[in-house]
Amino acid sequence: GARQQTVLCNESLMLEKLPACGKSFEEMMRKVDSKKWCNLTEFIMYYDNFTQCTEREANNASCFWPNPLAEGFITGIHKQFFSNCSSEKVHWEDPPDEILITLILIPVMLTCAMITLVVWCSKRSDIL
């Protein structure tokens, strides 16, 4: 039968080439105000180019992408540019008691009114 040739990942070549992707991304990010680095819409094209570059270099070195070494490199870039970006967590609070009581009582009262109406109408079916 046919033998499938296995090509081994050249990790050293990949690690040699990945910094060029980082350097290119760094140059593109200089065009973006550092205050806007947490807003992905400001640099999405640059990040896409960076991602494609890392994938291309991994593939050129016969490595799959993503792989632990490429992920480590990408994580380093993230730390360099996005370490000050944190997701703001929404702090949920209960509404004031007056509003909460109203929001609870309205459906309860409507349910009671509908039950009363149905019972009353079912007893008066001879008139309807």
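The values are calculated or read from the model by the stated rules, or taken from the named source; none is laboratory data. Keep in mind it's a predicted model, so treat the numbers as computed, not measured. When we count neighbours, we look across all protein chains shown, and the Cβ atoms used for this are built from the backbone with ideal geometry, even at glycine. All accessible areas refer to the heavy atoms of the entire protein, side chains included, with ligands and DNA or RNA removed. Shrake-Rupley method; radii C 1.70, N 1.55, O 1.52, S 1.80 Å.
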Just to verify a number: what accessible area does CYS53 come out at with the full protein assembly present, 1.4 Å probe, Å² rounded to tens? 20 Å²
Counting only heavy atoms of protein chains, what accessible area per residue, in Å², does the chain have with a probe of 1.4 Å? 81 Å²
In whole angstrom, and with the biggest value first, how far do the Cα coordinates of segment 11-83 range along each principal axis? 37, 19, 17
Across segment 11-83, qualifying lysine pairs (alpha carbons under 18 Å, at least 8 places apart or different chains) come out at 4
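Suppose every K and R has +1 on its Cβ and every D and E has -1 on its Cβ; what is the size of the dipole of the chain about the Cα centre, in Debye to the nearest 20?
Numbers: 12 positive and 16 negative charges, 70 e Å.
Computed about the Cα centre, the dipole is about 340 debye.
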For the chain, what percent of Cα pairs sit more than 26 Å apart? 57 percent
Top positive-direction residue, dipole computed over the chain with Cβ charges, set MET109, GLY72, GLN52: GLN52
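Determine the gain in length on full extension of the stretch LYS31-ARG124; use 0.36 nm per residue of separation and subtract their C-alpha separation, reporting nm with one decimal.
Details: separation 93, 0.36 × 93 = 33.48 nm, distance 7.80 nm.
Full-extension gain reported as 25.7 nm.
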Across the chain: Cys residues that no other cysteine approaches within a C-beta distance under 4.7 Å: CYS112, CYS121
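Could you sort 31-40, 96-105 so that the peptide with the highest average Cβ count within 10 Å comes first and the rest follow in order? Show your work: numbers first, answer last.
Details: 31-40: 11.5, 96-105: 9.8.
Result, highest mean first: 31-40, 96-105.
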Keeping the other protein chains in place, figure out the carbon and sulfur percent of the accessible area of the chain, with a 1.4 Å probe. 58 percent
